[in-house]
There are 2 protein chains.
Amino acid sequence: MDKEPNIAILENVRIVLVEPIFGGNIGSVCRAMNNNDVTDLAIVNPRPETDWDDARKLSCNAQAQLDARKEFHTLAEAVADCTVVAGTSARTGFYRDTAYSPREFAPIAMESAQDHKIALVFGREDKGLANEELALCTHIIQIPSSKRYTSLNLSHAVMVCCYELFTAAGHFQPAEEKAEEASSELRERMFDAWREMMIKTEFTHDQKLEHMMMGLRRIFTRGKLTIPDVKILMGLARQSIWVSNQWKKQLKDSP
Amino acid sequence: MDKEPNIAILENVRIVLVEPIFGGNIGSVCRAMNNNDVTDLAIVNPRPETDWDDARKLSCNAQAQLDARKEFHTLAEAVADCTVVAGTSARTGFYRDTAYSPREFAPIAMESAQDHKIALVFGREDKGLANEELALCTHIIQIPSSKRYTSLNLSHAVMVCCYELFTAAGHFQPAEEKAEEASSELRERMFDAWREMMIKTEFTHDQKLEHMMMGLRRIFTRGKLTIPDVKILMGLARQSIWVSNQWKKQLKDSP
C-alpha cells in the first residue's frame with residue numbers, strides 16, 4: 001500500500017538545528033535528511049569551533065545539503081516564513097504536557113507542508129531548547145523512548161522525525177482548500193499585541209507576564225491558526241489596548 | 001490496549017551486527033538500543049582493528065550494553081536460539097522481493113518476542129548482508145527511504161527498527177494534559193465573558209458579534225481546553241470588561 005512519497009511536500013520541511021555542538025552530528029543529520037528526501041537545513045547561531053571536516057565526512061552523500069545550509073542568528077529568523085514550527089523535547093513539564101509523538105505530528109506537518117514551509121526544531125546536544133525557543137513553536141514533539149534513558153543522539157532524533165514524515169508523505173492525501181495559514185512572523189506580531197494588552201489592561205504584572213504569555217501561546221497554537229484567525233485575535237487585543245489608553249488618558253486629564 | 005511498559009518483550013530482542021567496520025557506529029547502536037529498552041547486542045566476527053574507544057565514547061550511557069555484548073564467529077551461531085530472524089536490506093532483488101517495512105514487521109516481532117528470543121540482523125556498513133546470511137533470515141526488513149539515496153547509517157537503521165519495536169511494545173505513554181479538562185458549562189461561561197468584552201470594548205457591532213464569536217470558538221476549541229486555560233482566558237476578558245467600564249464611567253462623569 002506504500003505510495004511514492006510526495007517529494008514536493010518534503011521539500012517544504014526545514015530542519016533547524018539550534019547551536020549544535022558536534023560537527024559529526026551535523027553531518028549525520030544531513031545524511032538522515034537525505035535518506036528521507038528532506039533537503040532544507042538551517043543552523044541557528046553556529047559555533048565558531050564547529051568541526052566542519054567531521055560534518056563533511058559524516059554527511060556521506062549529503063554534502064550538497066550541508067553546503068546549502070542556511071545560517072541564522074536567532075530561531076525567530078530561522079522560522080519566520082514557516083507556518084507549523086515543531087520543537088522537539090525530551091523533557092516533560094510546563095508547556096510540554098501537550099506533546100505530540102512524531103507519528104501523531106506527521107499528518108499535521110504534511111497538511112501544512114502542501115503549501116507552506118514548516119520547521120522541525122532540534123536543540124543543543126546538552127541542553128535542548130530553551131523555554132523562549134519552545135515559545136516560538138506551535139507544536140512540541142516528544143520522541144517515545146525508554147524511561148531509563150530519554151536522551152537521544154541528535155541525528156537519531158532527526159532520523160526518527162524525518163522517517164515519520166517520509167512515511168506519512170507516501171500516504172498523504174491532499175486536503176481541500178482552506179483559509180491561508182498564518183506565518184510565524186505574523187503570529188509573533190499577534191502575540192506582541194496580546195502581551196501589550198495584558199500590561200495595558202493591568203491583567204498581569206511583569207513577573208507573571210511571560211508565564212501568562214506561555215499559557216496563551218499553548219492555547220492559541222494547539223490548532224492551525226489561519227490569517228483570518230490571527231486578524232480577529234490581533235484586532236481584539238488592539239481594541240483592548242485602545243480602550244486602556246483612553247481610560248488612562250482620562251485618568252490623567254481628570255481633575 | 002495495554003500501555004504498561006513491557007520491558008520483558010523488548011529484552012527478548014537481539015540486535016545482531018555482522019562484521020561492523022566503525023567502532024563509533026557500534027557505540028551509537030548501543031545508545032539507540034538503550035533509548036528503546038533493547039539490551040541484547042551480538043556482534044558476528046568482530047574486526048580486530050575495531051576502535052573500541054570510539055565505540056565507548058559514542059555509546060554514552062549505554063556502556064553496559066556495549067560491555068555485555070556477545071561475540072560469535074558466524075551469523076548462524078548468533079541467531080541459533082531465535083525464532084524470528086529479520087535481516088535488514090536496502091537493496092531489492094533475490095530474497096529481497098518480499099520485504100516488510102519496520103512498521104509491518106513490528107507486530108510480528110512482538111508476538112514472537114513474548115515467549116522467544118528474536119533477532120534483527122544488520123550487515124556491514126559497505127556491503128550489507130550476503131545472500132547466504134539473508135538465507136538464514138525468516139523475514140527481510142527494508143526501511144523506507146529516498147530513491148535517490150537508500151544507504152542508511154548503521155545506527156540510524158538500528159534506531160528506526162528499535163523505535164518501531166518500542167512503539168509497538170506499547171511503551172510510549174503519550175503525554176496527556178495533566179490539568180482537568182474544562183466542562184462545557186465552564187467553557188460557555190468563558191465565551192459569555194468574551195462576548196461581553198467584544199461589546200464593551202466596542203470591538204464589534206451587534207450584527208457582526210455572532211460571526212466573531214464563532215471565529216473565536218473555533219480558535220479556542222481546536223485543542224482540549226483545560227480549567228487553567230479557561231481561567232486565563234476568562235480573566236483576560238473580565239479585565240478588559242473592567243477597563244472598558246472604567247473608561248465609560250469616566251466619559252460620563254467628565255464635564
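The values are calculated or read from the model by the stated rules, or taken from the named source; none is laboratory data. Being a predicted model, the structure only gives us computed values, none of them experimental. Cβ coordinates were reconstructed from backbone atoms using ideal geometry, including for glycine residues, and neighbour counts include every protein chain displayed.
Descriptive notes on the structure:
- Residues of the stretch A:150-172 that turn out to be modelled with pLDDT of 95 or more, small (Gly, Ala, Ser) and either under 17 Å from residue A:110 (Cβ atoms) or surrounded by fewer than 24 Cβ atoms within 10 Å (Cβ to Cβ) (or both), as a count: 0
- Summed over the stretch B:51-66, the residues that are surrounded by 14 or more Cβ atoms within 10 Å (Cβ to Cβ) and closer than 16 Å to residue A:150 by Cα give a count of 6.
- Residues that are hydrophobic (A, V, I, L, M, F, W, C) and in contact with a Pro (Cβ under 9 Å, 6 or more places away or on another chain) were ranked within the stretch A:121-152; the one that is nearest to the other protein chains (Cβ to nearest Cβ) is A:143.
- Restricted to the stretch A:38-93, the set of strands (runs of 3 or more DSSP E) holding at least 2 residues that are over 30 Å from residue A:179 (Cα atoms) comprises A:40-44.
- Of all the listed residues (A:132, A:164), the sole one being assigned to a helix (DSSP H, G or I), of a type in the set (D, E, K, R) and out of contact with any Phe, Trp or Tyr (no Cβ under 9 Å at 6 or more places or on another chain) is A:132.
- Considering the stretch B:173-231, and only residues there that are modelled with pLDDT of 85 or more and part of a loop (DSSP other than H, G, I, E, B), the residue that is surrounded by the fewest Cβ atoms within 10 Å (Cβ to Cβ) turns out to be B:202.
- Restricting the stretch B:211-239 to residues that are among the polar types (S, T, N, Q) and closer than 14 Å to residue A:216 by Cβ, the residue that is nearest to the other protein chains (Cβ to nearest Cβ): B:239
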